[in-house]
1. Those residues that are touching a Phe, Trp or Tyr at 6+ places or on another chain (Cβ under 8 Å) and within 19 Å of A229 (Cβ to Cβ), I need them from segment 166-208; list them, please.
2. Could you tell me which of the residues E156, E69 is surrounded by fewer than 24 Cβ atoms within 10 Å (Cβ to Cβ), touching a residue at least 12 places away in the same chain (Cβ under 8 Å) and part of a helix (DSSP H, G or I)?
3. Please determine whether any residue of segment 130-148 is assigned to a strand (DSSP E or B) and of a type in the set (A, V, I, L, M).
4. For segment 72-94, enumerate the residues that are within 16 Å of the ligand (Cβ to nearest atom) and either touching a residue at least 60 places away in the same chain (Cβ under 8 Å) or in a loop (DSSP other than H, G, I, E, B) (or both).
5. In this structure, is A194 away from the ligand (no atom under 16 Å from the Cβ) and part of a helix (DSSP H, G or I)?
6. Tell me which residues, restricted to segment 232-255, are within 16 Å of the ligand (Cβ to nearest atom) and over 17 Å from S334 (Cα atoms).
7. Quickly run through segment 316-335 and pick out the residues that are of a type outside the set (G, A, S), within 16 Å of the ligand (Cβ to nearest atom) and open to solvent by 10 Å² or more (accessible area, probe 1.4 Å).
8. Report whether or not L52 is within 16 Å of the ligand (Cβ to nearest atom) and either within 30 Å of R7 (Cα to Cα) or part of a loop (DSSP other than H, G, I, E, B) (or both).
Amino acid sequence: MADLAIRGGRVVLHDAVREVDVLILAGSIIRIVAPGEGDAAETIDARGLLVLPGVVDAHVHVNEPGRTEWEGWVAATRGAARGGVTTVADMPLNSIPPTLDEAAFDVKEAAASAGALVDYALWGGLVRADPEALRALAECGVVGLKCFLCPSGVDEFPHLDDDELLPALRAATRAGLLVAAHCEDEGIVARATAEARGRDLRAWLESRPIDAERVAIERFAAAAKVTGARVHVVHVSSADGIAAVARARRAGLDITAETCPHYLAFDASDLDLGPLIKCAPPIRAGARARLWEDVLAGHVDHIASDHSPCTAELKTRGNDDVFVAWGGISGIQSTLPLLLSEGMNARGLPAELLAQLLATRPAKRLGIWPRKGEIRVGTDADFALVDPDRGWTLEREELETRSGLSPYAGRRFRGAVVRTIVRGRTVYADGEITGAPGDGWFVRRLVA
Ligand SMILES: [Zn+2]
């Protein structure tokens, strides 16, 4: 007998949405059955709800250890629980130490294991060709390596310049690891920054033009071609960037592209939000519509929050000069609601594609599928139960991010997370967080 059944919902399987029941035993899905079939000790009533695989957020900055006052594992994963996110993949920066070797991995993993309410994977960092450190990180089970082609924003995580890129990609490839890059061209950004006029958000986006993104993606792809690296471009902000990735893929590269909810949520009319929506690459005036077309056409591989919080002071200090504010957006809690609202309800995004974008494809790219990312027999029982039609407003008091600041506060959504389940345990239901710090498990990379 199963210990849990989810009954009456419309379940989003890899190829279709079906009215089936899901039976769970000891945290795993053991059977997917016709409505009413099978026995279980406990039943969750999912009538009227869509049962999605739990979101696998491939791009999160938890900032603990070292900058816990910016967020930390408890706050970030409470936000995850409210947002239907069952696995977070934490970036190697802006925690201190950055996750560059086994010792730093151990410190990060200890902090995560004590604080996380949901499951977590860890990225390593690629700041130089250090074969021994990279091999050790691979052994630890990191899901890949993150690098920057322009300054990262923190001194302890240097970017790769022209001389370092090829050797670093070679070392990563020898270690068997995916390489994810922040693609903006350092030279173009430096020149555009010198020419930008004013200190508001408009000047910020002038300082980081689309060309900087496109040129850096082309350079990254060229380096991947020479080295045979498997590569991933994080937070692509424009259709031009997506097109550059598509060209590289047609040329035979193993390359994928991620975009983020903020590029799909905000546009020129939102620039008055100022530092709250400061990020890099920037939210561009007039880019949103074409990016949505790419999402709906299947040209975007996956969507991740790039949740990158900081203290309230680091944001508000930029009210008069956006250049001195921290660049990063708190969005882990609202990624799925945004996609339900602006994707499924406003633009007809099919539920199957939504599940691919937010769960299945990121899990596959990170090498943690099929344990994570899909509703099928034998996998972890991770779910986001959503009411696709419920209208609601994200109140500031409901925000879990430590600073209490998010550009999504006060936003109206259609489509709400009702319950979040990690390995068969409910961590969030009907407005209440029921999971506890320490409940989350480390998810190691299963395959190359
Ligand atoms: Zn990031």
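The values are calculated or read from the model by the stated rules, or taken from the named source; none is laboratory data. The shown structure was predicted, so the numbers you read here are calculated from the model rather than taken from an experiment. Neighbour counts are summed over all protein chains in view; Cβ atoms, including those assigned to glycine, are modelled from backbone coordinates with ideal geometry. Ligands, DNA and RNA are excluded from the accessible area calculation, which covers all protein heavy atoms including side chains. Shrake-Rupley method; radii C 1.70, N 1.55, O 1.52, S 1.80 Å.
1. Within segment 166-208, A180, A181, H182, C183 meet the criteria.
2. Unique residue meeting the criteria: E69.
3. The answer is yes; a qualifying residue exists.
4. Across segment 72-94, the qualifying residues are A76, G79, A80, V85, V88, A89, M91, P92, L93, N94.
5. Yes, satisfied.
6. Once the filter is applied, which keeps residues that are within 16 Å of the ligand (Cβ to nearest atom) and over 17 Å from S334 (Cα atoms), segment 232-255 yields H232, V233, V234, V236, S237, G241.
7. Across segment 316-335, the qualifying residue is only W326.
8. No; evaluated as a whole, the condition is false for this residue.
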